[in-house]
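The next block holds one structure in the form of structure tokens; read it before the comments.
The values are calculated or read from the model by the stated rules, or taken from the named source; none is laboratory data. Please read these numbers as outputs of a predicted model, since none were measured by experiment. Note that we place each Cβ from the backbone using ideal geometry, even for glycine, and neighbour counts take in every protein chain shown. Protein only, heavy atoms only, side chains kept; ligands, DNA and RNA dropped before computing areas. Shrake-Rupley method; radii C 1.70, N 1.55, O 1.52, S 1.80 Å.
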Amino acid sequence: MAIRGGLSTVRSLIALLAVLSTLALTVAPVAAATSAMERLAGPAKPGDLHVMTFNLRYGSTATPNSWAQRRPVMRNLLATERPDLIGIQEGLSEQLSDIVGDLDDAYGYVGKGRLGGTRGEFSAILYRKERLTPQAYGNFWLSNTPAIPGSETWGGWSVRMVTWGRFLDRTTGKQFYAVNTHLDNASEYARFRAAMLIRHRIKAMGPIVLTGDFNSPARLGGHVYDVLVARAGLRDSWMTAQERGPAYGTFHGYRPLVSGGPRIDWVLTSADVVVTAALINTYRRGSQFPSDHLPVQVRVRLP
């Protein structure tokens, strides 16, 4: 009798635990991940626009850090942060399709491959369709012949280009220009000439948000920085932000992060754009980063 009673008691306890577990799941579901931007600056206000610049690292099949390994980490990052606008660098056509599909078609993009059409790496602009609508967009190449796809005349390591778009913010009814680029990694002369061309081309645009991998540290005295900030009058969002996260070198190459290292990925704005927050996102899953660069994110308010 004691044994039978004991078994009955055990069964009853197991059943009770199962019911309690079900109730616990019902009452306290697992909370959705909070974005790094919200942890820094709190929930966004209706007029806040969340902008990211991110060198995706092209979609190599070589391991470690192949695109297949990085893709789910990229998806988690972007699904959690939900930027309204992303200036991407190095993305291939297939990567852009993967990202759009992984984010349930919430994003569209404008831009061409640097060799024309869908060929080569993109400096595309992704936009959250619920928030932004492109009104006009185009591309130009960083060379003496900016209208010719695939052109390179300044002795750089590879072809470089710019994608731009004029967007309507459906929340506020305001319009602004987004400009995105990826400057040469090898030639300072090519970077300087590129910065001069960008300065000339954006002169009539405004308000403006310029994103990019500039392959040059964000500091006074740097040729590219001086052309775009000191001479073109754009503002470095990292310096003007009302709130700012910890600083890291934005290129890490899958090595340990460098606190206070060079920022070669920037978000610049025209003087009339208010920057309320800026951060460098260090998200990874386990040891896997989504890219060999860290994304830079800013929250802005349009004039």
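For region 147-198, a tally of residues being within 20 Å of Tyr109 (Cα to Cα) and among the β-branched types (Val, Ile, Thr) returns 5.
Screening Val30, Val10, Val19 for residues that are assigned to a loop (DSSP other than H, G, I, E, B), at pLDDT below 50 and surrounded by fewer than 17 Cβ atoms within 10 Å (Cβ to Cβ) leaves exactly one candidate, Val30.
Only residues that are in a loop (DSSP other than H, G, I, E, B), open to solvent by 70 Å² or more (accessible area, probe 1.4 Å) and closer than 25 Å to Leu49 by Cβ were counted in region 223-267, giving 2. Condition first: crowded, with 23+ Cβ neighbours inside 10 Å and within 23 Å of Asp48 (Cα to Cα). Can you find one or more residues in region 185-207 that meet it? No, the conditions are met nowhere in region 185-207.
Among the residues of region 91-146, the one identified as more than 20 Å from Arg71 (Cβ to Cβ), open to solvent by 40 Å² or more (accessible area, probe 1.4 Å) and of a type in the set (Phe, Trp, Tyr) is Tyr137.
Yes/no per residue for (1) within 18 Å of Gly233 (Cα to Cα); (2) part of a strand (DSSP E or B); (3) in contact (Cβ under 8 Å) with a residue 40 or more places away in the chain:
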| residue | (1), (2), (3) |
| --- | --- |
| Thr153 | no, no, no |
| Gly156 | no, no, no |
| Val162 | no, yes, no |
| Phe167 | no, yes, yes |
| Tyr177 | yes, yes, no |
| Asn185 | no, no, no |
| Ala195 | yes, no, no |
| Ala204 | yes, no, no |
| Val209 | yes, yes, yes |
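The lone criterion from (1) basic (Lys, Arg); (2) free of Cβ contacts under 8 Å to residues at least 12 places away in the same chain; (3) in a loop (DSSP other than H, G, I, E, B) left unmet by Arg57 is number (2). Checking each residue in region 252-303 for being among the basic types (Lys, Arg) and either touching a strand residue (DSSP E or B) at 6+ places or on another chain (Cβ under 6 Å) or at pLDDT below 95 (or both) picks out Arg299, Arg301.
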